[in-house]
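What follows draws every value from the coordinates through simple rules; no lab data is involved. Here the structure is a predicted model, which means the values were calculated and not measured. With ideal geometry, Cβ positions are generated from the backbone for all residues, glycine too; neighbour counts draw on all protein chains shown.
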Amino acid sequence: MRARAALAVLGKELRETLRDRRTLFMMVVLPTLLYPALFLAVEQMALLGQRRLGGRDAVVAVAGADRELAAFLARDPALRLAPPESASAAAVRGGGVEAAVVVEGAAGTRTARVLFDGSSDRSRRAQGLVAARLDAWGDTLLARRLRGAGLPPGFATPLAVRDSSVATAEETGGYALGRFLPVVLILMTLLGTFYPAIDLAAGEKERGTLETLLTAPVPAREIVAGKFAAVATIGFASAVANLASMLLTFQSGMFRFTQAAGVRFTVAPGSALVVLLGLVPLAVLFSALFLGVAVRSQSFKEAQNALTPVQLASTLPVFVISMPGIDFTPALAAVPVAGLAMLFRELMTGTAALLPSLVALLSTAAYAGLALAFAARAFGREEVLFGGGSGAAPRTAWGERLRAWRAADRGVPLPAEALAFIAVVALLFFHLGGRLQGALGERGLLLSEWLLLGLPAVAFAVAGPYDLRRTLTLRVPRPRALAGALLIALGGMPLGWAIGWLQIRLGLFPVDTELLQALERLVTATDLRRFLWLLFLVALTPAVCEELVFRGVLLQGLSREVRAGRAIVLTALVFGAFHVSFETAIRFIPTAWIGLLLGYVAWHTRSVLASMLMHFVNNGVAVAIVSLPALRGRVIGPGGEPEWALVAAAPLALAAGVWLLPRRADNEVLSPKS
């Protein structure tokens, strides 16, 4: 690829973008003016609110108090006492008084109950003023009693506790800055690439200029590289402008509230440099991802609709930085967007660890490379670049669309149809499955598997324009293939145990001990009848229902347009994510590993029955290991580690199983009739 041609395209796109006054305003003027104006406005509004609340006395009614307490409260210039008959909840709710004090008890310890309206700022202020005065009055009474008993003033306070933070003003400011500055930076980078990506892809298609550009005597990959660079440059420039404006605003000292709170916002030059370095792959990631999606749309409006969920999915991981107790681990650093946000948060306090920081930067660069490959593939397909249509939604009635859809002879679902089915099933299982299991226990688990997974898979294949046998791959494999599937299952299990044990040792995911114990109790059988029931519930039922969904509908749908290896990996990742719970994600990696083996066997045997056998064996062996202490002692060590002899023999079983499977090209893509 010629760099000169790509740079020429970059220059062209930047010139056209910068000629747009709205783009210049969003990139330069808005960030420069936004933060000083925003913080000044916030500060002035806060001061105005304080002045308005403190501009008049708080009206308070007191009932049951003696004259001395009433006089003590009346000496506060911020309080104005109302008649005692106004000390009621009705008067506070009606606005006659802002707070009411009801004193009860005759001797010893008396009780003062403060009534206030929690939905009113003025009433909340009055409650705070009254509570402070009552505390002071209580101290006065205590000191009087101690003097009367001839005791020293400190007798009633054997331990005085005072909090004192050892953090400096800069460290406190870095902690606060780390909770919101990364969010702003990432959002500005995202927004800086969002509209340019739409305009340089779908916008040019709608204007008819993209086809003219691609017919120029310049290779398409150089045009694509120039567009990528233009969008990434705009997004990076927008983020840098926002970062510089925000830091200058804080360091100017105009935000007086932070000074009063003992907070100072500063960022070390080295940290700022690393932040800028991290924004580069992030801008490339967003620009390539958005370009790859936008170029598949036929109009600006259609691209906006397509990119809105992508934008939302890219934004949500950022907010992990605001969650307390989340540490910057290598596993979290590898999560797209979230890892980089955590790195930025740690840099604000100057405590970023080396290994997670490298993982965050390198993984973001890797994701950017994958996004570039995704977008380049879109720009390399003529049906995507020059596809017809205005991008407007068809005006056909829904009934006609449904009939046309059912009349189409697809054979197997399209990838979008298979993914939509998985989304619906996941929502059903999430909302209804949890309620069924919570209300009915094991019977609820059984019902949720059959009613929310197995039955919908069959209904989807029957109701749609698909071939039932091919969509669910209901073919009977040969005995040799079944033997290969069994060997692969037996070889994959020890490796799965080793993966699970290793991730616990490395602390990749938090481990809920109570959850693991509950799962162990669930699959523990104490007699033969219980053992057979667990085999049906935990082994046979998931083997049938989950395989119909994942190795049936999903794998076959993806295989229609995606090469086998990618389809198997994607299916395994979705399968692993399906087994993640709110309590822990520890099952994700081992389950995804088993999903890879299941998908590989289902693909090569062209039969979901083979993967069902593997799934049954995997879960059934787990039930047997937990229920039979003698067997457990042979395969699991005292520290929870797998028997390493089994792990060492596992690759041999895998190799033998692969040799027994029928051959099939990994680059094969299903046709509608195959």
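Structure above, values below:
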{"read-out": "Interchain or long-range residues, amide H under 5 Å from ALA82's placed H", "value": "VAL60, ALA61, VAL62"}
{"read-out": "Chain lengthening between ARG566 and VAL580 when straightened (0.36 nm per residue, less Cα-Cα)", "value": "2.9 nm"}
{"read-out": "Gain on full stretching of the segment that runs from ALA131 to ARG179 - 0.36 nm per residue minus C-alpha separation", "value": "14.0 nm"}
{"read-out": "In order through the range 316-323: 3J(HN,Hα) via Karplus (6.51 cos²θ - 1.76 cosθ + 1.60), integer Hz, x for Gly, Pro", "value": "4, x, 5, 6, 5, 5, 8, 8"}
{"read-out": "Peptides 417-423, 184-190, 308-314 ordered by average Cβ neighbours within 10 Å, highest first", "value": "184-190, 417-423, 308-314"}
{"read-out": "Using a Förster distance of 25 Å, the FRET efficiency for THR308-LEU248 (Cβ separation, nearest 0.05)", "value": "0.15"}
{"read-out": "Length gained when the stretch LEU447-THR524 is fully extended (0.36 nm per residue, less Cα-Cα span)", "value": "25.7 nm"}
{"read-out": "Cβ-Cβ FRET estimate between ARG480 and LEU432, R0 fixed at 51 Å, reported to 0.05", "value": "0.80"}
{"read-out": "Label-point gap, in nm, between ASP66 and LEU316 - each point 7 angstrom along Cα→Cβ", "value": "6.2"}
